[in-house]
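Presented below is the structure to which this report refers.
The values are calculated or read from the model by the stated rules, or taken from the named source; none is laboratory data. Bear in mind the structure is a predicted one, so any value in this text is a computation, not a measurement. In this analysis, Cβ positions are derived from the backbone assuming ideal geometry, glycine residues included, and neighbour counts consider all displayed protein chains. Just so you know, the surface numbers come from the protein's heavy atoms only, side chains and all, with ligands and any DNA or RNA stripped out. Shrake-Rupley method; radii C 1.70, N 1.55, O 1.52, S 1.80 Å.
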Amino acid sequence: MVTIRVGALADSGDLYPFIPLMEGKVRPEGFNLEFEVIPTVQDINEAVLKKEVDVSVPSAAMYPYIQDDYYILSNAVATAVDGITGMPILAIKEMSENEIKRSRLIVHGPNTTAFTLYKLLMGKYGRLVIIRRVLDEIKALGKEGDVLVAVHEIKMMYALKKLGINVVRIGSMWDMWKAISNNTPMPMGMVVISKEVGKDFALKFKETYEKSKKYAEKHLDEIIPRDVQIMRESQKADLDEEIVRKTIWADIQEYNVPVDEVRRGLEFFFKISEERGILPRVKSIDLL
């Protein structure tokens, strides 16, 4: 029987659809699943680039580099349509645009959508600081770096409050994106599946993933404690269940954007990123 290797990202918003499958609440038919929990987005990006996993959740900005090897699941593209998850730019003091462009910029990986959007929308920075773990980024703000692109704003603000760090929201990727894209949805992450498993199994997995996602969304009280446990084990972080719930609710909106809007966002993102020399050309968007 075919075994599909799944690299699940240890992040509440991206993890929740996989938990019913991991816990046996939803079972695949005709294939097996083998799970590995991967702690950071950059680790995920590297794993798909090396084809170490069949299914995972890379940054949308990784797709040009893996387009020949992976399909995108059309029901699993995290897409921002408002400012709730729109990647604010945070600093510990007010900064002018020129100061931001001379700053030490903290991102969680060189291949992430957050960094790609910064290059696309802001352009310049003084020095790049890579810190892979989301909550470690917070501790570095004001010490190792001056400016942070906050991908997970709810968790970020909660952690900052616990640490007693006061921050200033000096900009928003969503606001800048909206201005240049005529309010086009903004892609952030995506679930992909290897073309090596074959289109038939890829479609079967997509159907199974959808069942698992819907189960999770209907049974959040059951899913959240396991989510928190996985986060604690992988991220070494003790997150409040209510913060995890709010994070998941924000991501549920992202993962349920209509497919036509998802495609429109991806097309604009890849087109403008290629035109500005930031990402390689995407020959076709292989949505399943």
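If you scan segment 166-185, which residues turn out to be open to solvent by 20 Å² or more (accessible area, probe 1.4 Å), among the aliphatic types (A, V, I, L, M) and under 15 Å from Ala114 (Cα atoms)?
Correct list: Met176 only.
Hey, which of the strands (runs of 3 or more DSSP E) in segment 82-145, taking only ones fully inside, have at least 3 residues that are in contact (Cβ under 8 Å) with a residue 60 or more places away in the chain and buried (at least 19 other Cβ atoms within 10 Å of the Cβ)? Lay out the reasoning, then the answer.
Working: elements: 88-91, 104-107, 127-130.
Result: 88-91.
Would you confirm whether or not segment 269-283 contains a residue that is over 20 Å from Tyr65 (Cβ atoms) and in contact (Cβ under 8 Å) with a residue 40 or more places away in the chain?
no
State all residues of segment 26-62 that are in contact with a Pro (Cβ under 7 Å, 6 or more places away or on another chain) and not aliphatic (A, V, I, L, M); if no residue qualifies, say none.
First, pick out the residues of segment 26-62 that are in contact with a Pro (Cβ under 7 Å, 6 or more places away or on another chain): 26, 44-45, 48, 60.
Selection gives Asn45 alone.
What are the pairs, 6+ residues apart or on separate chains, where a residue within segment 22-36 that is in a loop (DSSP other than H, G, I, E, B) has its Cβ under 7 Å from a residue that is at pLDDT below 95 and basic (Lys, Arg)?
Close Cβ pairs (under 7 Å, with a partner that is at pLDDT below 95 and basic (Lys, Arg)) amount to Glu23/Arg226.
Given the options Leu266, Leu279, name the one that is touching a helix residue (DSSP H, G or I) at 6+ places or on another chain (Cβ under 8 Å) and assigned to a loop (DSSP other than H, G, I, E, B). First the steps, then the outcome.
Details: Leu266 fails: assigned to a loop (DSSP other than H, G, I, E, B).
None of the others qualify; the one that does is Leu279.
Tally the residues that are open to solvent by 10 Å² or more (accessible area, probe 1.4 Å) and in contact with a strand residue (DSSP E or B) (Cβ under 9 Å, 6 or more places away or on another chain), restricting the search to segment 208-246.
Here the count works out to 4.
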